[in-house]
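**Q** Got a structure here, written out as structure tokens. Questions coming.
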Amino acid sequence: GVGDIDGIRSRLGYLQALGVDVLWLSPIYRSPQRDNGYYISDYQDIDPRFGTLADFDALVADVHARGMKLVMDLVVNHTSDQHAWFQESRSSLDNPKRDWYWWRKPKNGAEPNGFRSAFSGPAWTLDPATGEYYLHLFAPEQPDLNWENLEVREAVYTMMRWWLDRGVDGFRMDVINLIAKRPELIDGDEVGDAFAMGPQIHEYLQEMRREVFEGRDGDFLTVGEMPGVNFEDAALFTDASRLELDMVFQFEHVSLDHGPSSKFDNTELELRALKKSLASWQLALADAGWNSLYLGNHDQPRSLSRFGDDGRYRYESATLLATLLHLHRGTPYIYQGDEIGMSNANFATIEDYRDIESLNHYSEAVEGGANPVDVLEALRFRSRDNARTPVQWDSSPNAGFSTGEPWIAVNPNYRTVNAAADQASSRSIYHYYQRLINLRHELPVVALGDFALLADDHPHLYAFTRSLDGTELLVLGNVGMEPLVVNPVADLGIDASRPGGWGILLVGNYPGGEALSAASGAQPGGYDIHRSAQMDAVTLQPWEVRVYQREVG
Ligand code: TEU
């Protein structure tokens, strides 16, 4: 009931048929699982609950045999407090590994400064054995490694090379911009969080690239998760000539609906803010650098519930979001279950939750006098557990995820929302994703075309173009529950007499022109191709998305 390596191996055909190129596994190293696997006690072993190193080798072989690649999570900003390195470091003031972590003397009998942990409470914990505090930007059980120490860096590079030798194709690097601290903040009187990128970050990443990847045969993927990164820095991190990272995960577009005081505020998301944010990243990384594209992951609520409509327009809004994601320029990441339209967990009680961040937030808020009902309501929108419920394979008990008891409750909607039902449906979200991935594989303009946002200030219309070598794609999405008339001149600033008109409908999520699609033998997934003769206004149905293609010569 935990989702193990053999389970993944048994589902590789599903991923391959979807068109997946690279599989990113969240951490499966040996871990006491306090923050799921982001709390590692041995970097060179597999947690027994997920399998063995032999199982892992078999997984790598199977993934490669299917023409896919495998990327592991690399969690090296912090270790588990159970890791041998920390056990040694905490054992005495003069232990050789003392300097591998951030130890500081108490200040006026208390924490060295007011840094706060991302998971509530201070970012410093007193270790009675030596009377000093250690730094942890996350839970007290997740002490931060001191990257200023060369031995730490060498130990990490050795470990990374060991996994690459085993056949791994790259790493998703957890909070990698946090490995470089700012000494003046560490030893200053700051309150707030310590999420500041130290000046040595570029140096460390270049060193890692040299020590781990350079001169090695093969293609590797590196993506650095970077809370708080701005696009100026991201352009530096991902400029290929600087030899740092292939891409970063930035957080701007998933932070827009957070109120300033707490990430658990549920202020409504503004479409204008979302599309302008994504567009600014498109432009900033257009010439040098490269974007990652994502709408959700294991740390975010389900993208369908957050940005779409998980009720009546579940199919339409899931496919609209998928289209927007895949038609931006960058590398799209699909979070498991999004390809079948999985939605938020909607847990009713705090006992349903497993996530350390949600549980700590609940205790802190309730102890601080908040009404538990309000806190639970906020968690229903924002908790990371929303996206961590088991993948819904079919309508059998536990959604076919396990015959044992799942580690976290299955979303009760699994009887209707599941992979088997979706794939059998004429309105299959999975098949629609397949189509989008094929387009990206086949059409250079999807992978590489220049991006330009249209109708920036429209509250419901999401419109942009992509162009490359005389081919232009026009993407139109109605992000809303009402039909929307789109006028080429007034809404998009397009000359209505332009050659090619709207163009050919390359992909869309409403049948539109059924007569034609019957005649042309439309693919499953609700798409068909027809030529629109002229540039009259078009009406987009609720959550309808269309991608038009034309040649501009
Ligand atoms: O996440 C780091 C991060 O900045 C956030 O997404 C974080 O999870 C949280 O929402 C902070 O408010 C990474 C991992 O993806 C996450 O699962 C881990 O819990 C975290 O690092 C610590 O390793």
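**Q** From the residues LEU185, HIS460, LEU274, which one has its Cα farthest along the dipole of the chain in the positive direction, the dipole being from +1 and -1 charges on Cβ of Lys/Arg and Asp/Glu about the Cα centre?
**A** Of the listed residues, the answer is HIS460.
**Q** In the full protein assembly as shown, how much of GLU203 is accessible to a 1.4 Å probe, in Å² to the nearest 10?
**A** For GLU203, the solvent-accessible surface is approximately 110 Å².
**Q** Going 7 Å from the Cα of SER425 toward and past its Cβ, which residues in region 325-341 have a backbone nitrogen under 20 Å from where you end up?
**A** Label zone hits: 325-326, 334-341.
**Q** Starting from the eigenvalues of the Cα gyration tensor, five times each then square-rooted, give me the equivalent ellipsoid semi-axes of region 54-198, largest first, whole Å.
**A** Values: eigenvalues 219, 54, 32 Å².
For region 54-198, the ellipsoid semi-axes come out as 33, 16, 13 Å.
**Q** On to the next question. Once you place label points 7 Å from the Cα toward the Cβ at GLU203 and ASN108, how far apart are they in nm?
**A** Distance between label points: 3.3 nm.
**Q** Shifting gears a bit: Rounded to the nearest 500 deg cm²/dmol, what is the calculated helix-only ellipticity per residue at 222 nm for the chain, with -39500 (n - 2.57) per DSSP H run of length n ≥ 4?
**A** Details: 18 runs with 163 residues, N = 553.
Calculated mean residue ellipticity at 222 nm is -8500 deg cm²/dmol.
**Q** Then there is this: How much accessible area per residue does region 221-377 have, in Å², with a 1.4 Å probe?
**A** Working: 5850 Å² over 157 residues.
Per residue, region 221-377 has an accessible area of 37 Å².
**Q** Hey, another quick one. Hey, if you put +1 on the Cβ of every Lys and Arg and -1 on every Asp and Glu Cβ in the chain, which of PHE115, VAL475, GLY289 ends up farthest toward the positive end of that dipole?
**A** Value: VAL475.
**Q** Of GLU482, GLU148, GLU357, which has the most accessible area and how do the rest follow, probe 1.4 Å? Kindly include the intermediate steps, with their values, before the conclusion.
**A** Working: GLU482 125, GLU148 80, GLU357 20 Å².
Most to least solvent-accessible, the answer reads GLU482, GLU148, GLU357.
**Q** On to the next question. Between ILE350 and SER10, what is the label-point separation in nm under the 7 Å Cα-to-beta-carbon projection?
**A** The two pseudo-label positions are separated by 3.6 nm.
**Q** Over region 141-210, with the other protein chains present, what is the accessible area per residue in square angstrom, probe 1.4 angstrom? Don't jump to the answer; show the numbers that get you there.
**A** Numbers: 2530 Å² over 70 residues.
Averaged over the residues of region 141-210, the accessible area is 36 Å².
**Q** How large is log10 of I(q)/I(0) for region 331-443 at q = 0.10, 0.12 Å⁻¹ when the intensity is taken from the Debye formula with one equal scatterer per alpha-carbon?
**A** Debye output, listed in q order: -0.39, -0.53.
**Q** Let me ask you something else. Compute, for region 171-245, the length of the dipole vector about the Cα centre, with Cβ point charges of +1 (Lys, Arg) and -1 (Asp, Glu) only. Units Debye, rounded to 20.
**A** Numbers: 7 positive and 17 negative charges, 47 e Å.
That gives region 171-245 a dipole magnitude of about 220 debye.
**Q** Hey, another quick one. Putting +1 on Lys and Arg Cβ atoms and -1 on Asp and Glu Cβ atoms, find which of SER343, HIS326, PRO499 reaches farthest to the positive end of the dipole of the chain.
**A** Result: PRO499.
**Q** Just how far, in whole angstrom, is region 488-506 from region 136-197 if you go by their alpha carbon centroids?
**A** Between the Cα centres of region 136-197 and region 488-506 lies a distance of 50 Å.
**Q** What's the longest piece of the chain with no exposed trypsin sites (Lys or Arg not before Pro), counting a site as exposed if DSSP puts it in a loop and it has at most 12 other beta carbons within 10 Å?
**A** Answer - 313-553.
**Q** If you don't mind, there's one more thing I want to ask. Can you work out the accessible area per residue across region 62-120, with the rest of the protein chains kept in place, probe 1.4 Å, in square angstrom?
**A** On the way: 2520 Å² over 59 residues.
Result: 43 Å² per residue.
**Q** What's the carbon and sulfur percent of the chain's accessible surface, probe 1.4 angstrom, rounded to a whole number?
**A** Numbers: 11210 of 22170 Å².
Carbon and sulfur together cover 51 percent of it.
**Q** Tell me, what HN-Hα J-couplings in whole Hz come from the Karplus equation 6.51 cos²θ - 1.76 cosθ + 1.60 at θ = phi - 60° for each residue of region 219-228, using x for Gly and Pro?
**A** With the stated coefficients, region 219-228 comes to 9, 10, 10, 10, 9, x, 6, 9, x, x Hz.
**Q** Which chymotrypsin sites (Phe, Trp or Tyr not before Pro) in region 56-109 pass both tests, a DSSP loop state and at most 14 other beta-carbon atoms within 10 Å? Intermediate values should be presented prior to the final figure.
**A** Details: sites: PHE56, TRP85, PHE86, TRP100, TYR101, TRP102, TRP103; in loops: TRP102.
Within region 56-109, no chymotrypsin sites (Phe, Trp or Tyr not before Pro) qualify (loop, at most 14 other Cβ atoms within 10 Å).
**Q** To the nearest whole percent, what portion of all C-alpha pairs in the chain is separated by more than 29 angstrom? Before the final figure, lay out each step's value.
**A** Values: 85506 of 152628 pairs.
In whole percent, the share of Cα-Cα pairs in the chain beyond 29 Å is 56.
**Q** Suppose R0 equals 22 Å; then what is the FRET efficiency for SER467 and GLU442 from their Cβ-Cβ distance, rounded to the nearest 0.05? Don't jump to the answer; show the numbers that get you there.
**A** Values: r = 17 Å, r/R0 = 0.77.
Once rounded, the FRET efficiency stands at 0.85.
**Q** To the nearest 0.05, what FRET efficiency results for GLU151 and GLN541 with a Förster distance of 60 Å applied to their C-beta separation? If you can, show how the numbers build up before the last one.
**A** Numbers: r = 61 Å, r/R0 = 1.01.
With a Förster radius of 60 Å, E is 0.50.
**Q** Okay, moving on. Is there a quick way to get the dipole size of region 360-412? I mean about its Cα centre, with the Cβ of Lys and Arg at +1 and of Asp and Glu at -1; what is the value in debye to the nearest 20? Show your work: numbers first, answer last.
**A** Values: 4 positive and 7 negative charges, 35 e Å.
Approximately 160 debye in magnitude.
**Q** At what distance in nm do the modelled label points of ARG49 and ALA240 sit from each other, each positioned 7 Å from its Cα along Cα→Cβ?
**A** Result: 4.1 nm between the two label points.
**Q** Still on this structure, please answer the following. When the dipole is taken about the Cα centre of region 329-400, and only Lys, Arg (+1) and Asp, Glu (-1) are charged at their Cβ, what size is it in debye, to the nearest 20? Walk me through the numbers before you get to the answer.
**A** Working: 6 positive and 12 negative charges, 57 e Å.
Dipole about the Cα centre, nearest 20: 280 debye.
**Q** Next question, about the same structure. Multiply the residue gap between GLU214 and ASN487 by 0.36 nm, knock off their C-alpha separation, and tell me the result in nm, one decimal place.
**A** Numbers: separation 273, 0.36 × 273 = 98.28 nm, distance 5.18 nm.
Net length gain for the segment: 93.1 nm.
**Q** I'd like the distance between the alpha-carbon centres of region 70-88 and region 367-435, rounded to an integer number of Å.
**A** The distance from the Cα centre of region 70-88 to that of region 367-435 comes to 29 Å.
**Q** Quick check on region 402-501: what does the Kirkwood estimate of hydrodynamic radius come out to from the alpha carbon pairs, in Å?
**A** Values: mean 1/r = 0.0581 Å⁻¹.
Here the Kirkwood hydrodynamic radius works out to 17.2 Å.
The values are calculated or read from the model by the stated rules, or taken from the named source; none is laboratory data. Just so you know, these numbers come straight off a predicted model, no measurement behind them. All Cβ positions, glycine included, derive from the backbone under ideal geometry; neighbour counts span all protein chains shown. SASA here: full protein model, heavy atoms, side chains in, ligands and nucleic acids out. Shrake-Rupley method; radii C 1.70, N 1.55, O 1.52, S 1.80 Å.
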